Amino acid sequence: MTNDQNLQIEVQRLHKLTVYGRWLTVILLWISVGSLSIWGLRGEIALWLEHFTWAAVRYGLYFHRWPALGLVLCLGMTLVALRQSRNVRGLQEREKQGLEQQVRRIRQQGPSHPLWKWVCKGSSSVDS
């Protein structure tokens, strides 16, 4: 395998690793912050299920700011993860170049880099 083929394989590994890391973060956020936010809005949610109006939703979120901010954080991170997962079909050139730079930095640092064993495993090419 040439150095260029190794680089592309390692870029794909790094991209996959970042996608998995982002989804793990989203899952942990929903388990912790999301569940606490929903628990904080449990009374309002019961009201919404009984008599749903947009005014009730607005009131509930406005007067329960911390749970509302927690839900916004969880939803925002979910949307970011969805957007990044869309790139599995093909990376944009700018994103690909950024990942290539990261791979080069990982290669340069070598086995002391935390991601080295996941990104550069099986490739014996280390850029100096």
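Annotations for the structure displayed:
- Any hit, region 28-47, residues being of a type in the set (Ser, Thr, Tyr), outside any helix (DSSP H, G or I) and loosely packed, with under 13 Cβ neighbours inside 10 Å: no
- Pair list, Cβ < 8 Å and 6+ apart or interchain, from region 53-73 residues that are more than 8 Å from SER37 (Cβ to Cβ) to residues that are β-branched (Val, Ile, Thr) and surrounded by 13 or more Cβ atoms within 10 Å (Cβ to Cβ): GLY60/ILE45; LEU73/VAL33
- Of all residues in region 48-79 being under 26 Å from ILE27 (Cβ atoms) and among the β-branched types (Val, Ile, Thr), the one that is surrounded by the most Cβ atoms within 10 Å (Cβ to Cβ): THR78
- Residues within region 1-25 that are among the polar types (S, T, N, Q), assigned to a helix (DSSP H, G or I) and more than 10 Å from the chain's Cα centre (by Cα), tallied: 5
- Flag if VAL119 is within 16 Å of the chain's Cα centre (by Cα) and at pLDDT below 95: no
- The combined condition, being small (Gly, Ala, Ser), in contact with a Gly (Cβ under 7 Å, 6 or more places away or on another chain), in a helix (DSSP H, G or I) and more than 25 Å from ILE106 (Cβ to Cβ), is not fulfilled by GLY60.
The values are calculated or read from the model by the stated rules, or taken from the named source; none is laboratory data. For clarity, every value in this text was computed on a predicted model and none was experimentally measured. Cβ: placed from backbone, ideal geometry, glycine included. Neighbour counts: every protein chain shown.
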